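Here's the structure we're looking at; comments come further down.
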Amino acid sequence: MSGTVDVARALKDGERALEPGLLAEANRGILYVDEINLLDDHLTDILLDAAALGVNVVEREGVSVSHPARFLLVGTMNEEEGELRPQIADRIGLEVDVEALTDPDARAEVIRRREAFAADPTAVRAAWSEAQAAIAADLAAAEVRVAGVRVPDALYGAVARLVLRSGVESHRADITIVECAKALAALAGRDEVDAEDVLEAAVLALGHRLAVDPFRPAPRLETELLRRLLDEALEIEVTRKKVAGRTG
């Protein structure tokens, strides 16, 4: 994963040459890890260091070489096979639950599309190219807009209160919720974040950061509970600002 140093070349020519690994190849791209919760502790530590520093350092036989390692980490896991280490869970910004379809019509459509793709992949790609292009255009427009998206000041305090009331201590959770909420607003074509953006972002950002009791089922975030906590937090922040405005 981390690569290695070409020791023979270093000894022969005096050059510090790197034989790149996955982290070098993933620089400025996406690093996908299947069953990330089962990743070896040593490899997990390498991932954490690279994610924190944006640099991967390779040391072999007294020779040290570093290279940029900035990547988007995407992982999949089955919670029944084991939990994520808290350190790496906090490095993952958002979590999406993937559940099996329960509607028979929807499942039947999956079968039809799978058969169509197996028979003629080119035709299927062509049939969906317009829809894919529309999604790509929306994302490109949101990417341009997001830098100018505003967050009402009261929502900053509301996010902080929501995270703490959820039992999460990491500051990364607060930052992730705000950044995700801004992206959601930009994707919707708006220039200002609202409470619904924050709620949707919180659902994605908090679930995998909740404290886990190994002797109990994994905790689950209830959207309605988060909504109530957010409403209460926002009301506190708005009231505080009104009081401060009258006494200021």
Residues that are under 21 Å from GLU224 (Cβ atoms) and assigned to a loop (DSSP other than H, G, I, E, B), drawn from region 129-182: SER166, GLY167, VAL168
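Report whether or not ASP90 is touching a Ser or Thr at 6+ places or on another chain (Cβ under 7 Å), part of a helix (DSSP H, G or I) and within 26 Å of SER170 (Cα to Cα).
Working: touching a Ser or Thr at 6+ places or on another chain (Cβ under 7 Å): yes; part of a helix (DSSP H, G or I): yes; within 26 Å of SER170 (Cα to Cα): yes.
Yes.
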Neighbours by Cβ (under 6 Å, 6+ apart or cross-chain): first from region 83-111, open to solvent by less than 90 Å² (accessible area, probe 1.4 Å); second part of a loop (DSSP other than H, G, I, E, B): GLU83/VAL212; ASP90/SER170
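Based on this model, can you work out whether ARG209 counts as modelled with pLDDT under 95 and open to solvent by less than 40 Å² (accessible area, probe 1.4 Å)? Give the steps one after another, and end with the answer.
Numbers: modelled with pLDDT under 95: yes; open to solvent by less than 40 Å² (accessible area, probe 1.4 Å): yes.
Yes, satisfied.
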Any hit, region 52-73, residues being in a helix (DSSP H, G or I), farther than 30 Å from THR223 by Cβ, small (Gly, Ala, Ser) and in contact with a strand residue (DSSP E or B) (Cβ under 8 Å, 6 or more places away or on another chain): no
Boolean, ALA218 is of a type in the set (A, V, I, L, M), modelled with pLDDT of 70 or more and over 21 Å from ALA185 (Cβ atoms): no
Residue within region 186-194 that is under 19 Å from ILE92 (Cα atoms), at pLDDT 95 or above and out of contact with any Leu (no Cβ under 6 Å at 6 or more places or on another chain) present: no
Close pairs (8 angstrom Cβ cut-off, 6 or more residues apart or separate chains): under 14 Å from HIS208 (Cα atoms) and open to solvent by 40 Å² or more (accessible area, probe 1.4 Å) in region 148-177, assigned to a helix (DSSP H, G or I) and not aromatic (Phe, Trp, Tyr) anywhere: ARG172/ASP90; ARG172/ARG91
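For ALA141, indicate whether it is small (Gly, Ala, Ser) and surrounded by 12 or more Cβ atoms within 10 Å (Cβ to Cβ). Full working, then the answer.
On the way: small (Gly, Ala, Ser): yes; surrounded by 12 or more Cβ atoms within 10 Å (Cβ to Cβ): yes.
So ALA141 fits the description; yes.
The values are calculated or read from the model by the stated rules, or taken from the named source; none is laboratory data. This is a predicted model, so every value here is computed, not measured. Quick reminder, even Gly has a Cβ in these numbers, built from the backbone with ideal geometry, and neighbours come from all protein chains shown. Only protein heavy atoms, including side chains, enter the accessible area calculation; ligands, DNA and RNA are left aside. Shrake-Rupley method; radii C 1.70, N 1.55, O 1.52, S 1.80 Å.
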